[in-house]
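Values in this text are rule-based calculations from the coordinates and carry no lab data. Just so it is clear, the model here is predicted, and its values are computed rather than measured. Counting neighbours? That spans all protein chains shown, and the Cβs are built from the backbone with ideal geometry, glycine included.
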Amino acid sequence: MRTSRAGRRARAILRLSVLTIVALLLVGVPLWLVVVNSLKTQPEAAQLSLGLPQTWNAVANYSDVIEKSRYPFSFLNSLIVTGASVALLFVIAAPAAWAFARSKSRGMRVLYALAIIGVVLPPAVVPMVFLMRGIGLQGSLPALILFTIGMRVSLVVFLLTGFARGLPRELEEAAYVDGASKLRTFWSVVLPMMKPVVWTAFIISTVLIWNDFYGPLFLLTSQNATLPLGLYSLSSGVAQATAWNSVFAHVVLVSLPLVILYAVVQRRVVEGVAEGAVKG
Amino acid sequence: MNAARIIRPHRSAGSLAGGWWKFALPIGIAVALLYFLPLLINVYLAFTDWSGFHSGIQFSGLDNFQTLADQYALLDQLRLTLVYAITASAVGNLLALALALALESRSPSNQLFRAIFFVPVLLSPLAAGYVWAGILDPAGPLNQAISLLNPGFDFAWLGSSTLAIFLVAMVDAWKWSGFFTLIFIAGLSTVPTELKEAAVAMGASRWDVFRHVKLPFLAPAITYNVTVTVIGAMSTFDIILATTRGGPGNATRVLNVMTLDQFGIGYFGLASATQLVVTILVTISAIPLIWFLRRRELEG
C-alpha cells in the first residue's frame, strides 16, 4: 500500500513539474522577455536576452513612451470607447434577450436569428468608413462606438438569450400578476437573475473591445487614438529591431489595465467564461 | 391604468405572452443600421471605382475583381487565409485540449494553472504579435536556446516565406488557447463521474477512457471551438500587422491585410471588393456552424 501511495505522490510531482515547465515556456518566458527588456537601455534590449538589465533604464523608457504615445489621452479614449460601447450593448441586448427567450412569435424568432449572425460573420469596416464620412463622424470616437456596437451586439445577445431561456418563469409571472409593468418586471425581477451571464458577457466584451485594433485603425484619426492604435503608430514608426525597449514598455502599458482588472476579478472570469460556454 | 386595475385587479400570467417586440426594437434598429446596412453598402461599393483620387463614385462592374485576380493574386491570398485559419485552429485546439485534460480536476494547483494559461487571452492581439516578434527575432530567445546546442544559430524565422504563415498562425493559437481550454474543461465537466469510474473499474487504459468516455461528451465543445477558431482566424489582422506586416514578400498577406493596404493607398472600392471576398468566404464556412448551433439549441 505504501509503495502505491509513494508512486501516486511521485506521479503528482511529475505532473506538476511538467505543467510548471509548460507554463514557464508558454507564458512565463514571453512575459518575462517583455517586462525585463522594457527596463533596459536600447542597445542592451536589442540583444533580447532574458537576463536582468545591466543598466536600469526603466524610468526613462516608460516616461518616454508615456509622453510620445500620449498615453493618458489614449487611455482615456480607450476608457470612453469601451465604457460607452459596453453600456450601450447591454441596454440594447439585455431586454431583447429576455424577449427572445420568452416570445413564441415567428417574427421574434426571425429577428433573433438575424441578430446573432454577427457571432460568426464579422461586419465590414470599409463601408462603415463610407457611412461615417457621409454623416461627418469619420475619425471620431462615436464612429468607433457605433461600429463596435454593430460588431459585438450579436455575441452579447446570444450569450444573454441562452441564459435567459433557462430562467424560471414563476417569479416574473408572479410580479406581473401583481401588477408590475413589463419593464418593471424586467428591471427588478429578471435582470437580477441574469447577473451571472451579464458578468460573463461583460468580461468577454470588455476584453474584446479594449484590445480591438481593427476598428480604430480604419475609423479613428491618430489624434483620437485608443491604446492599441497608439501602440501601433509608435511601434511601426520606429525600427523595431533597434527599439525593443520602447516597444516592450508600450506593450506593458497597453496590457496593464486588463491584467490588473483580471488580477482583481480572476476567479470570476475563469468560472464565468466556463459557465457562459456551457450555457451559451 | 388605475381604471384597468379596478376592472381587472389581477392580470393573468398569460398576458405576459404578447408585446415582446417593444423590448426587441432597439436591437432590431441597431442590427439593421450598424450591421446589415454596412454589409449591404459593401456589396454596392465592391462594384464601384470609389477612391481617394477623384470625387464621385461610379459603377465599375467587375473591374475590382479583375484587378484582384490579376494584380493581387487573389487565389494565392485566399489560400493563404485558409492555411492560416486551419493552422491556428488545429494548433490552438490541440494545445487547449491537452491543457484541459491536464487541468480537468478542480484542485487548487489546477485553478492556478488555469488562471496562468488564461493570461495571453487578455493581451491585445497586437501586443501578442510584438511579444512573438521578439521571441522569433534572429537575436531572440528561441535562437539563443538553439544556439546552446548549435552555436551561432541565427535563423530569421519570420523572414522565411514558407514558415512565416505557420508561425504567425501559431501566435494566434497561443493567444486564444487559454480561452478554448476553459471551454473544453466545461465540456469535460459534463462527463458523468460514474461513467469514468465504471470504465476505470473495468480496466480501461487512460487512452481508452479519453477516446471512448470523454471524447463523445466533448463533441459539442470541439465543434464549437474548431468552427469559432477557423472562422475567427479568417478575419485575422492584428497579429500579422505586428509581426510580418504581410511579408516577406506576400507570404503572410491574408485578405484583411490586403484590405488595409488597398485602403491605405486610396483604392477604397478595391478594398470593399476584398472585404466582400472575406464575407463570402466566412459565409460559406459558417453554414456548418449555424447548423450546429441550431441543433444544439433544439437539444437544449
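Between the C-alpha center of the stretch B:216-236 and that of the stretch A:43-69 there is a gap of 39 Å.
Pairs of lysines in the protein assembly as shown whose Cα atoms sit within less than 20 Å of one another amount to 8, provided the residues are eight or more positions apart or on different chains. Below 8 Å, C-alpha to C-alpha, sequence gap of six or more: please give me the relative contact order for the stretch B:106-205 in percent. For the stretch B:106-205, the relative contact order is 31 percent. For the peptides A:56-69, B:191-204, the ranking by packing is A:56-69, B:191-204, with the highest mean count of neighbouring Cβ atoms within 10 Å listed first. Can you tell me how the stretch B:59-206 classifies by the Cα gyration tensor, rounded, prolate or oblate, using a/c under 1.5 as the rounded cut? Oblate is the answer for the stretch B:59-206, as a/c is 1.5 or above yet b/c matches or exceeds a/b. Using C-alpha pairs under 8 Å with a sequence gap of at least 6, the mean separation divided by the residue count of chain A gives a relative contact order of 29 percent. Ranked by the mean number of other Cβ atoms within 10 Å of their residues, highest first, the peptides B:139-147, A:210-218, B:70-78, B:274-282 fall in the order A:210-218, B:274-282, B:139-147, B:70-78. In terms of surrounding Cβ atoms within a 10 Å radius of their Cβ, A:104, A:182 rank from fewest to most as A:104, A:182. The ranking of A:82, B:181, B:162, B:243 from fewest to most other beta carbons within 10 Å of each one's beta carbon is B:162, A:82, B:243, B:181.
One-quarter of the Cα convex hull surface for chain B, in nm²? The partial results should precede the final answer.
Values: hull surface 105.1 nm².
If you wrap the Cα atoms of chain B in a convex hull and average its projections, you get 26.3 nm².
Per residue, the average separation of C-alpha pairs within less than 8 Å and at least 6 apart gives the stretch B:170-251 a relative contact order of 37 percent.
From the Kirkwood radius over Cα pairs of the stretch B:140-250, Stokes-Einstein at 25 °C and 0.890 mPa s returns a whole-number translational diffusion coefficient of 141 µm²/s. Footprinting exposure proxy ranking of B:104, A:170, A:44, fewest other C-beta atoms within 10 angstrom first, gives A:170, B:104, A:44. Net charge of the neighbourhood of residue A:95, taken over other residues with C-beta under 10 Å away and scored Lys/Arg +1, Asp/Glu -1, is +2. From its DSSP helices (H runs of at least four residues, each -39,500 (n - 2.57)), the protein assembly as shown gives a residue-normalised ellipticity at 222 nm of -22500 deg cm²/dmol. For the protein assembly as shown, the spread of Cα coordinates along the three principal axes comes to 90, 85, 46 Å, biggest extent given first. Which residue, B:93, B:69, B:57, has the largest displacement toward the positive end of the dipole of the stretch B:45-144 when charges sit on each Cβ (Lys, Arg +1; Asp, Glu -1)? Toward the positive end, the furthest listed residue is B:93.
Every Cα-Cα pair in the stretch A:7-144 was counted, and those over 26 Å apart are 62% of them. In terms of overall dimensions, the C-alpha atoms belonging to chain A reach 76, 73, 30 Å along their principal axes, ordered largest to smallest.
Distance between the pseudo-spin-label points of residue B:150 and residue B:206 (7 Å out from Cα toward the beta carbon): 3.1 nm. Seen from residue A:170, the other residues with C-beta closer than 14 Å to its C-beta sum to a net charge of -1, counting Lys and Arg as +1 and Asp and Glu as -1.
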